[in-house]
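Before any comments, here is the structure.
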């Protein structure tokens, strides 16, 4: 095969496979589609590739087909989240933090970890980061005493 034949075959193949065919597929979703605020704070996925998003209206869940909003009882913003290997979805908010787990019907149920704390301890504190180290979960705010 000579040089001109090789170039011709290359050009012929690229005509059938445009450059965008080699790029990853990206789909944009508007807030009208997912029916929540347009302000999103953090995104993580679990082992089943379900996506969880900290949203101004609560925790958003997307399984690839369906969007589900899980508001906190307090109706606070979910600013931070962590999906643990055990399947807990830890969330941080304004003066609040806790976790979601699935019940026997597959529904996400919220458990507050901060509701029994002294209210002054979290006064005006936003939980901006959640980290797992070994068996422990750390909730971080920027305020301190």
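For the range 59-97, a residue qualifies if it is on the phi > 0 side of the Ramachandran plot and surrounded by 17 or more Cβ atoms within 10 Å (Cβ to Cβ), and exactly one does: 95. Which of (1) within 26 Å of residue 29 (Cα to Cα); (2) surrounded by fewer than 20 Cβ atoms within 10 Å (Cβ to Cβ) is the odd one out, the single condition residue 118 does not satisfy? Checking residue 118 against (1) within 26 Å of residue 29 (Cα to Cα); (2) surrounded by fewer than 20 Cβ atoms within 10 Å (Cβ to Cβ), the one that fails is (1). Candidates are the residues of the range 121-145 that are surrounded by fewer than 15 Cβ atoms within 10 Å (Cβ to Cβ) and assigned to a loop (DSSP other than H, G, I, E, B); the one that is farthest from the chain's Cα centre (by Cα) is 145. Considering the range 45-67, the residues that are part of a strand (DSSP E or B) and in contact (Cβ under 8 Å) with a residue 40 or more places away in the chain include one that is nearest to residue 25 (Cα to Cα), namely 61.
Give just the number: which of (1) under 15 Å from the mean Cα position of the chain (by Cα); (2) in a helix (DSSP H, G or I) does residue 42 not satisfy? Against the list (1) under 15 Å from the mean Cα position of the chain (by Cα); (2) in a helix (DSSP H, G or I), residue 42 comes up short only on (2). Number of residues in the range 88-116 that are over 21 Å from residue 41 (Cβ atoms), touching a residue at least 12 places away in the same chain (Cβ under 8 Å) and part of a loop (DSSP other than H, G, I, E, B) equals 1. Return a yes/no flag: does the range 29-43 have any residue that is farther than 21 Å from residue 102 by Cα and in contact with a helix residue (DSSP H, G or I) (Cβ under 6 Å, 6 or more places away or on another chain). Scanning the range 29-43 turns up at least one residue that is farther than 21 Å from residue 102 by Cα and in contact with a helix residue (DSSP H, G or I) (Cβ under 6 Å, 6 or more places away or on another chain).
FYI, it's all coordinate maths here, none of it is from the lab. The structure presented is a predicted model; accordingly, all values stated were derived computationally and were not measured. Reconstructed Cβ throughout: ideal geometry from the backbone, glycine too, with neighbour counts over all protein chains shown.
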